[in-house]
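These notes concern the structure reproduced below.
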Amino acid sequence: MTPAADAGAGAPDDAVVDQAVQWMARLWSEDAADADRAACARWRAAHPDHEQAWRRLQAMHEKFDGVPRGIAQHALRVPTPDPAARRRVLAALGLAGTAALAYPLARQAPALQAMAADARSATGEIRDLTLPDGTRLVLDTASAVNLRYDEHERRILLLRGRILVETASDPAGRPLRVESAQGTVQALGTVFSVQQEDDASLAAVHAGAVDIRPARAHGVAVRVEAGQRARYTTRAAHAPTVLDLRQDVWRQGQLVAQDMRLADLLAELSRYRPGLLRHDPALSELRVTGVFSLTDTDRTLANLAEGLGLQLIRRTRYWVTLQPG
């Protein structure tokens, strides 16, 4: 997978690769400005390793010349899976299969509720809305919300999925809150996202701040500032941690991976496509770095298979499997 132009050079370390991926994702975003391009050029010139990492990503893009940008900037390093790790994955499949059967049953009630939601997005759709008060609401794939606006507050009920909220000021001074199954997030002049997970919710703040109030932790609020994220359950909110900017590019229909397990990458892709996306367990521990499209997952999978030397088997339009080449 290493481009021929750099065949004689050592692989850049993970920190440099991570920076290169983030710069590429930034320059491919819709709001990239001349200042961003100039800053990236300065970063590339600051050290030979920076330029090497950048050229490797660019080389993978050129390998698939003619493919829309963002679809498959592939692995810089894809090490052979450790045999012991592979055996552990195979041994875990018995439990994984049972959980996979139970999961859809547990999700039926929220799914039915989401069908009657005030606003929802289909699988693979990223939907951008403007609410009556001017607040911007972006729904990630397969997301749903109900709106509860009255004279006292503006409340968004997150039924499933993930949303991004860009809060508009309100002449009446009504607070804006997002309520998930685990608690409430109150905006404080904010751009933030909330994701509903199975047993927890995740709030990430891009501008301003939010207060998290878990549903069963009465009177307790945790402040999360810009550039931070925090996961919370019904009983407590975890201490805020640094927000990884790679986790924000879903708004542009992109997935940024840095040394990500192929199994995890495919799990995330499957959220953006209907049907079954499967892979041979022997491939689970392959590591992938790059910027991938979430808006055209068929092309992403095709180019991923080509770049990694895998077989892409399409049994039907809605049943796709990756196997060793």
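Laid out as a table, the results:
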{"item": "Label point 7 Å beyond Cα of Asp259 along Cβ direction - residues of the stretch 284-322 with amide nitrogen under 20 Å", "result": "284-292"}
{"item": "R0 of 41 Å, Cβ-Cβ distance His218-Ala15: FRET efficiency to nearest 0.05", "result": "0.45"}
{"item": "More than 26 Å apart - percent of Cα-Cα pairs taken over the stretch 127-244", "result": "10"}
{"item": "Simple spin-label estimate for Asp198 and Arg37 in nanometres, 7 Å along Cα-Cβ", "result": "4.5"}
{"item": "Label-point separation in nm, Ala45 to Tyr149, each point 7 Å along Cα→Cβ", "result": "4.9"}
{"item": "Cα-based equivalent ellipsoid of the stretch 247-325: semi-axis lengths in Å, sorted from largest, via gyration tensor", "result": "18, 15, 11"}
{"item": "Fully extended contour minus Cα-Cα distance, from Gln311 to Leu27, at 0.36 nm per residue", "result": "99.1 nm"}
{"item": "Total charge dipole magnitude, the stretch 127-244, about the Cα centre, Cβ charges on Lys, Arg, Asp, Glu only, Debye to nearest 20", "result": "220"}
{"item": "Chymotrypsin sites (Phe, Trp or Tyr not before Pro) within the stretch 284-325: DSSP coil, no more than 13 neighbouring Cβ in 10 Å", "result": "Tyr318"}
{"item": "Gain on full stretching of the segment that runs from Thr241 to Arg127 - 0.36 nm per residue minus C-alpha separation", "result": "38.3 nm"}
{"item": "Kirkwood Rh, Cα atoms: Rg over Rh of the stretch 216-290", "result": "1.09"}
{"item": "The stretch 144-281, relative contact order [Cα under 8 Å, separation at least 6], %", "result": "14"}
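Read the figures in this text as sums done on the coordinates, not as results from a lab. Worth saying up front: this structure is predicted, and the values here are computed from it rather than measured. Here Cβ is always computed from backbone atoms with ideal geometry, including for glycine, and neighbour counts include all displayed protein chains.
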